[in-house]
Number of protein chains: 2
Amino acid sequence: MSSPIYIQIYKVLKEKIVLGQLKPGDMLLSENELAQQYSTSRPTVRKSLSMIENEGYIYSYPGKGYYVAVPDHNKYTLVFNELHSGDYSINESKLLEVNVIVADEEIARVLQVPLQRKVIIIRRLLSVTEEPVAYDVKYLPYYRGKPIVEKEIQYATFPEMVAQKDSAFAIKKELCISIEYSQPIIEKSLYLKESRPMLVVDQRLFDQQNQPIGWGKTYYKSEYGKIKACSS
Amino acid sequence: MSSPIYIQIYKVLKEKIVLGQLKPGDMLLSENELAQQYSTSRPTVRKSLSMIENEGYIYSYPGKGYYVAVPDHNKYTLVFNELHSGDYSINESKLLEVNVIVADEEIARVLQVPLQRKVIIIRRLLSVTEEPVAYDVKYLPYYRGKPIVEKEIQYATFPEMVAQKDSAFAIKKELCISIEYSQPIIEKSLYLKESRPMLVVDQRLFDQQNQPIGWGKTYYKSEYGKIKACSS
DNA sequence: GAGTGGTCTAGACCACGAA
DNA sequence: TCGTGGTCTAGACCACTCT
C-alpha cells in the first residue's frame, strides 16, 4: 500500500524545493539528520537524495553538504522525427529517388569525404492525407556491399537508416532549424507555383569517433512546419 | 588513482552496449554474477546498473533480469534562450515598451484570463552589434503590487521575468517554432521595407497547476534564426 | 577533532518469474 | 523451489571542510 521509504523522502524534499520552501543556495539537512528524522538508515536517505540530484534540483559538496541548485531555464526536450511534423502525422511517404551519386563540394564538406566520392542519396516526399507537406533528402557515405532495401527505407527515420550499419547506441545527432527558400526541385515535388519560405530541419549524424555518417534535410511547407519542445 | 569500482563496472558494461557487443533485447548477467565476476558486493553492482538504467540504455524486470533497451532516436536536448540566437549572441536589448494593456481575444485565450483583464506587455528589440535581429514580445497577467523594474527586465530571459513571482522550480515551459510573416509593427521596429517570413519561437510558461503565467513570442530575421539541438 | 558526503561490505526479507 | 531484482539495515573507512 504505502510507497517505499526512499520514495516518501524523495517526494517530501522535492516538494519543498518546487514549492519554494527551499530556495536555490539553501542547504539541506545532512544525511545523518535526515536518517534520524525519518527513522531509517543513511543508504536509504542517500537513495532519495541521489534521485533529486540526478534531476538537477540539488548538488553536493563532499565534506559540506547538499545545496539547492539554481534551475537551468534554457534546457528543453525536443522530440523530432521527420515523420511526425508537429500536429500532423505523416501517413504517406513516397520514395522519389534512391541512388548513388558523387559528392559535390557541399556534400563532401558536410560528410567530410573527398570530392567525387560516391554517396547514397535518398529523396522522399512526405504527405498527410494525400497532401504533400514536406520534401526530405538524405546523404549517406557509400560503402560497397551495404545493400539498400527500398522498402526498409521508405518509412524509416534517419537514425534508423544509419543504425543498420552502426551500433544503434553509437550515433550522435545534431539538429539545426532555420528558414530557407524553396529550390526548383522542391517546388516541383511539392507542386508549388513559386518559390516560398520553408521550415528546414538539418539533421547530421556522427559515429562514436565524431565522423559524419549521415546528412539529412527536411523542408516543410510553412503551414505544416511546427517544431515543439517542452521543459526538460 | 584508479576510479571507484562502480565506475569501472559502469564503463565496461556501457562500452559493451555502445560498441554493439550487447544488442537491444539482450539480457545482462545477473547482479549476483556481476558481483562475483568483479569480486565486489551486490549494492556496488546495483549502483553501476542503476546509472546505466538512468541513462536509458537498459531496463529491468523484477524476477527476471536486466535487458538492453531499444534506443530512442527522436529525443534531443534543445538549449533556447531568446538572448542567444544560434551562432550569434545578442549583446544589445532595447526596451520598446513596458505597459499594462487589456487582454484581447487571443491573449485572453492563451493566458486563460477573462477578456479585458489587465495584462503586462513587454516589447524588446534584440540586436547584434547594432544590427537589429529579433523582435520580442511578452505578455504576463497583471497582479497589483508586483512592481516592474525596467532595468531588471531589459536583459532578462522569459523564465527569469516570471520566476520573480513564482518558485523558480515550479515553472513548466512549452516551445513552438514556426514561420510567420512579419506584421507592420515588427517591420517598423526591425527597419524592414516589406513583409518578410520570420522564424518565430512561441514560448508559454505554466505554473505547477498548469495555469498559464506567461506568453512570449520572439521573431527572428530569417538569416539570424537558427535553433540548434543535439542528441539527448 | 567533529561532522560531512563518497565508497563499500555483508548480510536480510520481499515479490516476482520460471520451471 | 530457486534465482531474480527491489528494498533496507548497520555498520565500516576514506577524503574533505570547517573551526
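Throughout, read-outs are computed from the coordinates displayed, never taken from laboratory work. Given the structure is predicted, the values throughout are model-derived calculations rather than measurements. Note: ideal-geometry Cβ built from the backbone for every residue, glycine included; neighbour counts use all protein chains shown.
Quick notes on this structure:
- For the residues A:Leu83, A:Leu13, A:Leu190, a GNM of chain A with alpha-carbon springs under 10 Å puts the largest fluctuation on A:Leu13.
- Across region A:172-181, computed HN-Hα scalar couplings (Karplus, 6.51 cos²θ - 1.76 cosθ + 1.60, θ = phi - 60°) run 9, 10, 9, 10, 9, 9, 7, 10, 9, 7 Hz from first to last residue, x flagging Gly and Pro.
- Peptide B:18-27 has a mean of 3 when you count, residue by residue, the C-beta atoms of other protein chains within 10 Å of its C-beta.
- Gap separating the Cα centres of region A:111-131 and region B:3-30, nearest whole Å: 35
- Inter-copy label distances at B:Val79, using a point 7 Å along Cα-to-Cβ, come to 2.4 nm with the shortest given first.
- Inter-copy label distances for B:Pro184: 3.9 nm (label point placed 7 Å from Cα along Cα→Cβ; shortest first).
- Within a straight-line Cα-Cα reach of under 25 Å, B:Lys193 can be paired with the following lysines, leaving aside sequence neighbours fewer than 8 residues apart in one chain: A:Lys193, A:Lys221, B:Lys94, B:Lys138, B:Lys217, B:Lys221, B:Lys226.
- Net charge dipole, chain A: roughly 480 debye, given to the nearest 20, about the Cα centre with Cβ charges of +1 for Lys and Arg and -1 for Asp and Glu.
- Taking chain A as a Gaussian network of alpha-carbon nodes connected by springs under 10 Å, the highest mean-square fluctuation of the residues A:Pro132, A:Pro184, A:Pro43 belongs to A:Pro43.
- Dividing the convex hull volume of the alpha carbon atoms of region A:73-141 by its residue count gives 116 Å³ per residue.
- Peptide B:76-84 - average C-beta neighbours from other chains (10 Å radius): 5
- Temperature 20 °C, viscosity 1.002 mPa s: under these conditions the Stokes-Einstein estimate for the protein assembly as shown, based on its Kirkwood radius over C-alpha pairs, is 84 µm² per second.
- When each of B:Arg204, A:Arg109, A:Arg46, A:Arg124 is scored by the number of other beta-carbon atoms lying within 10 Å, the sequence from fewest to most is A:Arg109, A:Arg46, B:Arg204, A:Arg124.
- This ranking places A:Asp202, B:Asp136, A:Asp87 by how few other beta-carbon atoms lie within 10 Å of each, fewest first, which gives A:Asp87, A:Asp202, B:Asp136.
- Qualifying aspartates and glutamates (Cα of each under 18 Å from Cα of A:Lys23; at least 8 residues distant if same chain): A:Glu15, A:Glu53, A:Glu55, A:Asp72, B:Glu160, B:Asp166, B:Asp207
- In order along region A:61-69, phi translates into HN-Hα couplings of 10, x, x, 10, x, 9, 10, 6, 7 Hz, rounded to whole numbers, per the Karplus curve 6.51 cos²θ - 1.76 cosθ + 1.60 with θ = phi - 60° and x for Gly and Pro.
- Derived scalar couplings ³J(HN,Hα) [region A:38-43; Karplus, 6.51 cos²θ - 1.76 cosθ + 1.60; whole Hz; x for Gly, Pro]: 9, 6, 9, 9, 5, x
- Kirkwood radius for region B:77-230, taken over all pairs of different Cα atoms as the inverse mean of 1/r, rounds to 16.0 Å.
- Relative exposure of B:Phe80, B:Phe169, judged by other C-beta atoms within 10 Å (fewest first): B:Phe169, B:Phe80
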